[in-house]
Ligand SMILES: Cc1ncc(COP(=O)(O)O)c(C=O)c1O
């Protein structure tokens, strides 16, 4: 029978980050040497004490369903961590936490629960590709709010207000940012949260890269918000603890929202894997043995950034945003403003001629740019930076 996609997914785009990785894999399968800086995944293994805790949990029978919203000790640990930074009025309870299959599901749960047909959601742009699609899957409209490249593409109150209409229902925030690596300062974050509270907008704050910040700690929304009755904080273990494959993310939200998201999740995935929840519990509660490994991973990301940044900045053809967190460089490439998809053309040239896979900025709604992940071996990141500069300078 011929397949015609339903109206639900007719507009859905394939994830561009995955498409590039697939092309790189295909070239590798043909025997080509490719440096793959496309994926947004730490290149480290999960810290050993977490693995040991997970094995123990299996031996002790962590093989059955749990509560849809996750095991109580994990939700308590998440609430405790949230309360350590929240100075506002309503303390966070375990019932405000919903654990899901990665922060991706947490974000999807929040979008579908809060937004619907006719609603507009402000999405600072460039942003991680899935926000636009998730808002659309909720049948709401993602409104791109382009940030100022000179400020790492960060948005401010004035830019958000310019795009607001009576239909605006919410706002996506992501600091440190994928793809730019920009980090909002506490006062910048506070001003945006104040605006959202005044306007009655929901704020979904994706803080998955919060612990990967190099020059100063990255504030989360709970660090600066005086209240949280319009706030959904999203986090997870994937990036900072190198646990992408475990699929554990969570939301901290007002209790009514948590209840609605739990109901939604009860009809889609139920709980995320039981053993993975025990692994996440270990990540959050084992303390120094795990925290020291996380610090070492962040230090290694920083060393790669510091090694590759001056190489990229020496190019006469690239504009480089110095990243303050996450593990991405965002670069404006030759042809910007002249060629319709300058980033896509650059990525293609770089992959086919220089054997380096990166992601076109069109995936993040800024087609003049490209994203380079430095979640890879330092020597490879340095070599890739040299090839990127050589390719860009030759094209300029
Ligand atoms: C900004 C951002 N949010 C969320 C996610 C999803 O992470 P998880 O593995 O927890 O679903 C990613 C993964 O690339 C991301 O870059």
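Any read-out appearing in this document is the output of simple, stated calculations on the displayed coordinates, not a laboratory observation. These numbers come from a predicted model, not from an experiment. Here Cβ is always computed from backbone atoms with ideal geometry, including for glycine, and neighbour counts include all displayed protein chains.
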Exercise for the section: Considering only DSSP beta bridges where both residues belong to segment 166-274, give the percentage that are antiparallel (nearest 5). Expected result: 30 percent
Handout entry: Those residues of segment 267-286 whose amide nitrogen sits under 14 Å from the label point placed on residue 139, 7 Å along Cα→Cβ
Key = none
Exercise for the section: List the equivalent ellipsoid semi-axes of segment 81-221 in whole Å, largest first, each obtained as the square root of 5λ for an eigenvalue λ of the Cα gyration tensor. Expected result: 21, 20, 16
Completion exercise
Square roots of five times the C-alpha gyration tensor eigenvalues of segment 260-396, ordered largest first and given in whole Å, equal 36, 22, 12
Exercise for the section: With a point put 7 Å past each Cα toward its Cβ, work out how far residue 72 is from residue 259 in nm, to one decimal. Expected result: 1.9 nm
Handout entry: Share of pairwise Cα separations in segment 51-286, more than 33 Å, in percent
Key = 13 percent
Problem - Simple label model, 7 Å out from Cα along Cβ direction - residue 151 to residue 30, nm - result: 4.5 nm
Handout entry: Relative contact order [Cα under 8 Å, 6+ residues apart], the chain, whole percent
Key = 23 percent
Handout entry: Potential extension, residue 84-residue 288 segment - 0.36 nm per residue separation minus Cα distance
Key = 71.7 nm
Handout entry: Helix 342-354 axis, angle to the chain major axis (alpha carbon atoms, nearest 10°)
Key = 70 degrees
Exercise for the section: Output the peptides 285-291, 317-323 sorted from most to least packed, where packing is the average of other Cβ atoms within 10 Å over each peptide's residues. Expected result: 317-323, 285-291
Problem - segment 51-286: relative contact order in percent, alpha carbon pairs under 8 Å with at least 6 residues between - result: 29 percent
Exercise for the section: Report, to the nearest 10°, how far helix 186-199 tilts away from the longest principal axis of the Cα atoms in the chain, using its own Cα long axis and a range of 0 to 90°. Expected result: 60 degrees
Exercise for the section: Compare 344, 335, 118 in a GNM of the chain, Cα atoms joined below 10 Å, and give the one with the largest fluctuation. Expected result: 118
Problem - Spin-label model distance (nm) - residue 306 vs residue 44, 7 Å beyond Cα toward Cβ - result: 1.6 nm
Problem - Computed FRET value (nearest 0.05) for residue 378 with residue 316, which takes r as the C-beta separation and R₀ as 35 Å - result: 0.90
Problem - Highest-first arrangement of 271-281, 150-160, where packing means the average Cβ count within 10 Å - result: 271-281, 150-160
Fill in the blank from the handout: per DSSP, antiparallel bridges as share of beta bridges in the chain, % nearest 5, sits at 50 percent
Problem - If the convex hull is drawn through the Cα atoms of the chain, its volume per residue in Å³ - result: 158 Å³
Handout entry: Value at 222 nm in deg cm²/dmol, rounded to 500, when DSSP H runs of n ≥ 4 in the chain each add -39,500 (n - 2.57)
Key = -13500 deg cm²/dmol
Exercise for the section: Treat the count of other C-beta atoms within 10 Å as a stand-in for reagent exposure and order 261, 297 from fewest to most. Expected result: 297, 261
